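The values are calculated or read from the model by the stated rules, or taken from the named source; none is laboratory data. Just so it is clear, the structure is predicted and the values come from calculations on it, not from any experiment. Cβ placement follows ideal geometry from the backbone for every residue including glycine, while neighbour counts extend to all protein chains displayed.
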Amino acid sequence: MVLIQKALPIVEKMPGGQVVVTSMDAVLDWGRKNSLWYMLFGLACCAIEMMATGASRYDLDRFGMIYRATPRQSDLMFVSGTVCKKMAPRIKRLYDQMSEPKYVIAMGNCAISGGPFYYDTYSVVKGVDLLIPVDVYIPGCPPRPEALINGIIHLQKKISKEKSY
Amino acid sequence: MENIKLKEQLLAKFENIKIDAIEISNQLIIIVSKENLFGVCRALKENAAFEFDYLSFVTAVDRPNNIEVVYELISTKKNHRVRVKVNLTKESPEIDSVTGLWAGANWHERETYDLFGVNFINHPNLTRILTPDDFEGFPFRKDYKNPEIVRMPND
């Protein structure tokens, strides 16, 4: 009986009298992974591919992913393109302004390591993981929308295994 | 106006200050000393025969012995163009700003300052534009050194 009382906050009464019992983590992770609102924010040519993925042909809406034009309402940040040294503090600030839980996808070779700008350049950050933690890396120059969706599904798998304690 | 005709008129107009005019690949280039640049630009803009009302770009070239500042002028009314070049010393590249004539020169001159280190006198806001504010050195100079740059192997 004590156990049932303890379990009450995580037991929900369904219309019709049934009762659903699950672990809180499973519900939270399920909700999080299916409503990854991403930040409307692009850096370079990868952003064009990200826009194509968000538009009707590849349709990120079917994953519950809607873009948000403010970091306060975003769960996910695509770092889509070359990170210049002048842009680096702005990206860091945008990441800091996002509310927890927050995820980052490094999209394309530039965001992973500097890509074609690794050599002989004075202005490019060699990988966005030098600035902010990255969850999923998607190589490509730029990655096709299928690759981006594959990376998103990997992120969803990662989120679905999260534990809150 | 045809290049040849324009060249004759320019040489006649600036006879007393001795400018050089050459034509390379159908492009007319005049070479001006840095003291005369602002006066020449003002004449090119305001003289009814030239009417260069549009400054297409300002940039610089790092030559072995000097720094060359380049202005491309276009007349949208007369449909002709001219390129103005000025040679500056590497030690102190300083030149008058032309923002007073063409407001669009503002960011071009900031970019030239940012990348080549050319100081534009009387510029309203001569600060870095492309690189971060705390950037050191002028990256488009041939002698620019930065230990953080990774060189391409076998290059």
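Observations
- Test: residue in region A:152-161 that is over 17 Å from the mean Cα position of the chain (by Cα), touching a residue at least 12 places away in the same chain (Cβ under 8 Å) and away from every other protein chain (no Cβ under 14 Å): no
- Residue that is surrounded by 15 or more Cβ atoms within 10 Å (Cβ to Cβ) and outside any helix (DSSP H, G or I), where the choices are B:Ile22, B:Ile29: B:Ile29
- Residue list for region B:136-151, filter: more than 10 Å from chain A (Cβ to nearest Cβ) and within 16 Å of B:Glu91 (Cα to Cα): B:Phe138, B:Arg141, B:Lys142, B:Asp143
- Count - residues of region A:118-142 that are aliphatic (A, V, I, L, M), closer than 27 Å to A:Asp29 by Cβ and either within 14 Å of chain B (Cβ to nearest Cβ) or part of a loop (DSSP other than H, G, I, E, B) (or both): 3
- Residues in region A:95-112 that are crowded, with 18+ Cβ neighbours inside 10 Å, of a type outside the set (Phe, Trp, Tyr) and free of Cβ contacts under 8 Å to residues at least 60 places away in the same chain: A:Met98, A:Lys102, A:Val104, A:Ile105, A:Ala106, A:Asn109, A:Ile112.
- Only residues that are in contact (Cβ under 8 Å) with a residue 40 or more places away in the chain and of a type in the set (Ser, Thr, Tyr) were counted in region B:1-46, giving 1.
- Within region B:121-135, considering residues that are farther than 25 Å from A:Pro116 by Cβ and either surrounded by 13 or more Cβ atoms within 10 Å (Cβ to Cβ) or not polar (S, T, N, Q) (or both), the one farthest from the other protein chains (Cβ to nearest Cβ): B:Ile121
- Residue satisfying condition, being within 14 Å of another protein chain (Cβ to nearest Cβ) and out of contact with any Phe, Trp or Tyr (no Cβ under 8 Å at 6 or more places or on another chain), within set A:Gly64, A:Gly115, A:Gly108, A:Gly81: A:Gly115
- Figure legend. Inter-residue proximity from region A:133-147: first residues surrounded by fewer than 19 Cβ atoms within 10 Å (Cβ to Cβ), second residues in a loop (DSSP other than H, G, I, E, B) and modelled with pLDDT under 95, beta-carbon distance below 7 Å, spacing 6+ or different chains. Indicated pairs: A:Ala147/A:Gly140.
- Condition met for A:Thr53 (more than 14 Å from chain B (Cβ to nearest Cβ), touching a residue at least 60 places away in the same chain (Cβ under 8 Å) and either more than 12 Å from the chain's Cα centre (by Cα) or surrounded by 13 or more Cβ atoms within 10 Å (Cβ to Cβ) (or both)): yes
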